[in-house]
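**Student:** Take a look at this one; I'll ask things after.
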Amino acid sequence: MRRAADGVAVIPRLLRAPVLHFLLLGGLLYAAVGWWPVRDGEGPGIARERLVITVGQIEELRQDVITRSGRPPGPRQLRDAIAAAIDEEILYREALAAGLDRGNTAIRQRLVKIAGFVADDQGLDEKALYALALDLGLDRSDVVVRRQLAMTMRLAAGNTPLAGEMPPGDAELEAYLAAHRDRFSEPARFRLTHVYLSEDRRGSAGETDARVLADTLRATAIVPDMAPESGDPFLRGHHLRWQTRQGLRSMLGAEFADAVADLEPGTWSDPIRSPYGWHLVWVHDVRPAVTPPLERVRDDVMRAVMDARRDWRVSETLKSMRAGYSIDIAPYQPDAAAITEARDG
Amino acid sequence: MKPVLSRLAAILALCSATALVAADGVRAESDLPFKRTEIREDCDSHEALRQPFFGETHLHTSFSFDAYTLSVRNDPNAAYEFAKGGTVMLPDASARAGKPQTRTAQLLKPLDFAAVTDHSELLGPMEICTRSPKGTTGRGSIQCRQMRTGEIDPGDPTSFNPEGVSGLWAANPLLRPNGSGPLLPLCKTADCKTAEVSLWQEIQQAAEDHYDRTSACSFTTFVGYEYTAQPLLSNLHRNVIFRNADVPLAPVSNITTGGPFPTVLWEKLRRRCIDRKGSDCDVLTIPHNANLAGGLMFPDPASPEEAAERAFFEPLTEIYQHKAASECRYDRQAQAGVETNDSLCTFEQVLGSILGPQSDPPDIYQYPPRNMVRNALKDGMALAPDLEGVNPFKYGLIGSTDSHNGDPGNTVEKDFQGHGGTIDAPVVPLIENFRLGPGGLAVVWAEENSRDSIFSAMRRKETYGTSGTRPVVRFFGGWDYDAGLCENPDRVAVGYDDGVPMGGDLPDMTAGSGRPRFLAAALRDPDSAKLERIQIVKGWVDAGGQTHERVYDVAGKARDYTKRYLKGVCEAEVTSGNADQTTRTALADRGRNELCTVWKDPGFNAYLPAFYYARVLETPTCRWSTRVCLAADVNPFARPKRCRAQAARANANAANNGEIALGEVPFNSCCLTEQNDPFIERTIQERAWTSPVWYAPGG
């Protein structure tokens, strides 16, 4: 087990408490300084622990991607998978160093269970089984235990403020609101009429039909509300009143919603594709999005800022943790068979 | 005592200001086709010909005792956020006492409306045990410690048994004999009554906080709960949905009714809500899981009054949800059905007929007929003459999930990761619940997305249920529909003007009326497969009182899908991650984006009562179980011997990982197919069921 370089076991006392308690400690946390045994990673005399990723492990990761997604990973995907595996390993080891496995009833119970499967003597009691599990190193080898510890460490990292961190003030909230207007705004709404050309009825000829019809509509200056009769009937109606972009997306697909968002009101669009066919759209009116003042959405913004904070804390913590490891990734060349597999998909 | 409706007060102020402004939509009360029973802004998006709204009417959160024991920690607020597009956390399969939460879930398409319906019976103890501050009387009781730790013997980790704790908690209020003692021993000293009212207020507050009363009408909530009646493990559960914020002080639970008695539920709801003087309270109850009711969900009413009360309080029933389908049942191996020959009734069936374990589940010949709603619909017409003409089983249809994860409307097949916290978390526990599924959606045709409009739609049964996807379905019945109505751009207006929508009663015949005609139209879910066909299911009663049914294909075309085709469907989905049409073009899916027809009943007999409902089928997509099996390297499409070998390997792996005990074989389910199981399919044809249109002989 790794100890901090100066020989003192820096095990934050708070980490022994259930992780959820972090959420309740509120302001107390902000008084905390430097809980983590942060290393600067450079300099003589600091022992760095070795972390090796073998070819075998990379092969396994590659297989995981294939199983999950159905196709082999590209180089970038593989790099990401390896980086994620390294992070998991580091979190796991740091969790051990912080003693998170001690006093964790879930882990203890799991170890007792596995030991029960492998014990020669079936009459052992819970305490003896736990001791057996530790003897056999099951707490180090069991995948589920490792995963749990890594996850707990990740949660702890996310919930512990970094040194010098201050609670988000109004300035930060306002900035976040301004930068993420879309998330908090009352969305824009559109009132439109559309002419529909059905792919079921017309096949691919529908696209030409749509273009011809668009020209006709523009030439004849027909009243927009009467125009749908020159196309096919659409079950959801031809006059969509005050739908948001998200609403249009749900109804008619992303391509349609995106196209409508960019249309000039008071004119017929070129044919716009939907999963059903083609549409000529006349936007009558747009009600623009409204960004509410911070006061109205303070809770939502705070929640979002804290989520981002947690992610940032985890990535910063991982960065400083990584500095304490010397990481060796075996050079990996997918063999010829794998290359063929990748090419042929 | 009403919850603090601070937002309501703001709206009130807003309304009195806007009332003076002639904006685009300040509608006079008289203009509305439904009664406005609350104060809110008018909706910008209001359609006289109505719009489809997709929602959830059956959802449990951490306020439900069973969900809590399964380590679900999403409360009603989290649930409503999820419905609107937010994320929730879900517990790891190995979680204890709510830790760790390792999974996330999110809807790609938010819902339009949702009702959180937690179990009402144990709200008081839940408040005391999981939400009250230290020092509250009862909080330290053994029941509370059991609830918080999941351990039968709190303090002894080897006694961890969340289902056991759930059972201990439930045994008293849900299965208790009439009125014997307080619900849990802790309520002898603790103030469970006040606690219940307090938690019920939180439920109301969450519904209020997330109900959009502005003219945007982006999301509607309903205050509700579940009346969890289950005599001897027969499911008689009902979801109680209130129309507005005017609700009784406490829910009417099995405790209040002294046991599982829906008739008493209605009687008390009538007194405390419907008939309450000077109040706008209105409520309906939605029974679910007839398929697990042991034949008891739709009993012959004792009197015409009881029939009328049932008809009043229960305009709708769930046709499909997580715990399987209740439309109809057909065993393909026995080549027989429960009062049906409809081979599409193999759809999403469980083996048993009650809520609990059955050592000897009934075979298809012994299966209680009224466990299936279609049979109840038929029987209702047969019973009416003896009930002064009241049809007690005149149910409209919706879908729902019954998820206990606090994730309303989470029905996307490819994303299914269980609906019961740790009990069916991926992978092994999920596979162990092979025959269950993500559940469906409730869809209403309403003018606008507001409580009164949607509730009115439910009352008049202008609703349909889906198996989880979002096809848009219209169904009208009338005497005069033109054969070419589908080409008419005003077909929907004509549908309403010259007939009735789904859920309605055909108008009286006139002298010239021939056979009834039905306009059935459907538009596919843009994010799912194309449509295969529309069917109309007809049920009728002959002169001798015998019921009959017949299923007609009315639009589109039935197809025989080869195993190669179905295998290709799953492979294409797994590779692309999608289930929609763009990834399936290579499969030459000959389904349609839209279907429409006007159908005339060829077998119509003006003397016989009948109902007609539309069932819309998509072309096959991959069932969730096939995807999960494939990810575990067990291929349900492989030859049986190969599949079994793969399953054996997967079982062995799981045993080595300590996920199952040696000898358990959950992955064997992966090898169930259409050839060797009475109901299972490796792919799924998602579908929709409309509320019926009824015909009663005139006079």
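The values are calculated or read from the model by the stated rules, or taken from the named source; none is laboratory data. Note that this is a predicted model, so its numbers are computed, not measured. Note that we place each Cβ from the backbone using ideal geometry, even for glycine, and neighbour counts take in every protein chain shown. Only protein heavy atoms, including side chains, enter the accessible area calculation; ligands, DNA and RNA are left aside. Shrake-Rupley method; radii C 1.70, N 1.55, O 1.52, S 1.80 Å.
**Student:** First select every other residue whose beta carbon is under 13 angstrom from the beta carbon of B:L49; then total the charges, Lys and Arg +1, Asp and Glu -1.
**Tutor:** -1
**Student:** Still on this model: Taking a ≥ b ≥ c as the square roots of the Cα gyration tensor eigenvalues, with a/c under 1.5 meaning rounded and otherwise prolate when a/b beats b/c, else oblate, which class fits the range B:537-667?
**Tutor:** Cα axes put the range B:537-667 in the oblate bin.
**Student:** On to the next question. Averaged across the residues of A:239-247, what count of C-beta atoms belonging to other chains lies within 10 Å of each residue's C-beta?
**Tutor:** The mean count of partner-chain Cβ atoms within 10 Å per residue comes to 4.
**Student:** While we're here: Once Rh for the protein assembly as shown is found with the Kirkwood sum over Cα pairs, what is the Stokes-Einstein diffusion coefficient at 4 °C and 1.567 mPa s, in µm²/s?
**Tutor:** Translational D for this selection: 42 µm²/s.
**Student:** Still on this structure: Between B:Y496 and B:N657, what is the label-point separation in nm under the 7 Å Cα-to-beta-carbon projection?
**Tutor:** 5.3
**Student:** Could you compute the longest span of chain B free of chymotrypsin sites (Phe, Trp or Tyr not before Pro) located in DSSP loops and having at most 11 other Cβ atoms within 10 Å, not counting the site residues?
**Tutor:** Result for the longest clean stretch: B:1-364.
**Student:** If you don't mind, another one. Roughly how big is the A-B contact, given as buried accessible area in Å² (both sides, 1.4 Å probe, nearest 100)?
**Tutor:** Using a 1.4 Å probe on protein heavy atoms, the buried area is about 3800 Å².
**Student:** DSSP loop (so not H, G, I, E, B), at most 11 other Cβ within 10 Å: list which trypsin sites (Lys or Arg not before Pro) in the range B:113-174 pass both filters.
**Tutor:** B:K134
**Student:** Which whole number gives the average count of other chain Cβ atoms within 10 Å of the Cβ atoms across peptide A:107-117?
**Tutor:** Mean partner shielding for this stretch: 3.
**Student:** Using only C-alpha positions, report the orientation-averaged shadow area of the convex hull of the range B:237-330, nm², one decimal.
**Tutor:** 7.1
**Student:** At 1.4 Å probe size, with the rest of the protein present, what percent of the exposed accessible area of the protein assembly as shown is carbon and sulfur atoms?
**Tutor:** In the protein assembly as shown, the share of accessible area belonging to carbon and sulfur is 53 percent.
**Student:** Sticking with this one: What is the P(r) of the range B:517-560, as percent of Cα-Cα pairs per 10 Å bin from 0?
**Tutor:** 22, 39, 25, 12, 2
**Student:** Classify the range B:438-561: rounded, prolate or oblate, from the alpha-carbon gyration tensor (a ≥ b ≥ c, eigenvalue square roots; a/c under 1.5 rounded; otherwise prolate if a/b is larger than b/c)?
**Tutor:** rounded
**Student:** Now for a different question. Say the cut-off is 25 Å between C-alpha atoms; which of B:K530/B:K563; B:K563/B:K641; B:K109/B:K600 go over it?
**Tutor:** Going by Cα-Cα distance, B:K109/B:K600 fall outside the 25 Å limit.
**Student:** Let me ask another. Assign one of three labels to chain B, namely rounded, prolate or oblate, based on the Cα gyration tensor with a ≥ b ≥ c the square roots of its eigenvalues; rounded applies when a/c is under 1.5, prolate when it is not and a/b is larger than b/c, and oblate otherwise.
**Tutor:** It comes out rounded by the Cα gyration axes.
**Student:** Let me ask another. Keeping every protein chain present and rolling a 1.4 Å probe, give me the accessible area per residue for chain B in Å².
**Tutor:** 35
**Student:** Under the definition of partner shielding as Cβ atoms of other protein chains within 10 Å of a residue Cβ, what is the mean value for peptide B:91-100?
**Tutor:** 5
**Student:** List the trypsin sites (Lys or Arg not before Pro) within the range B:645-690 that DSSP assigns to loop and that have no more than 13 neighbouring Cβ atoms inside 10 Å.
**Tutor:** Counting only loop positions with at most 13 other Cβ atoms within 10 Å, none of the trypsin sites (Lys or Arg not before Pro) in the range B:645-690 qualifies.
**Student:** Another question, then. Taking Cα atoms of the range A:237-340, Rg/Rh with Kirkwood Rh, to two decimals?
**Tutor:** When Rh is taken as the Kirkwood radius, the ratio is 1.27.
**Student:** Next question. Among the aspartates and glutamates, which fall within straight-line cross-link reach of B:K188, defined as a Cα-Cα distance under 19 Å, with same-chain neighbours fewer than 8 residues apart omitted?
**Tutor:** Straight-line reach from B:K188, under 19 Å: B:E121, B:E127, B:E196.
**Student:** Related question: What number, rounded to the nearest 500 deg cm²/dmol, is the helix-based mean residue ellipticity at 222 nm of chain B, given -39500 (n - 2.57) per DSSP H run of at least four residues and division by all its residues?
**Tutor:** So the calculated ellipticity at 222 nm is -7000 deg cm²/dmol.
**Student:** First select every other residue whose beta carbon is under 11 angstrom from the beta carbon of B:V252; then total the charges, Lys and Arg +1, Asp and Glu -1.
**Tutor:** After counting each charged neighbour, the total is +3.
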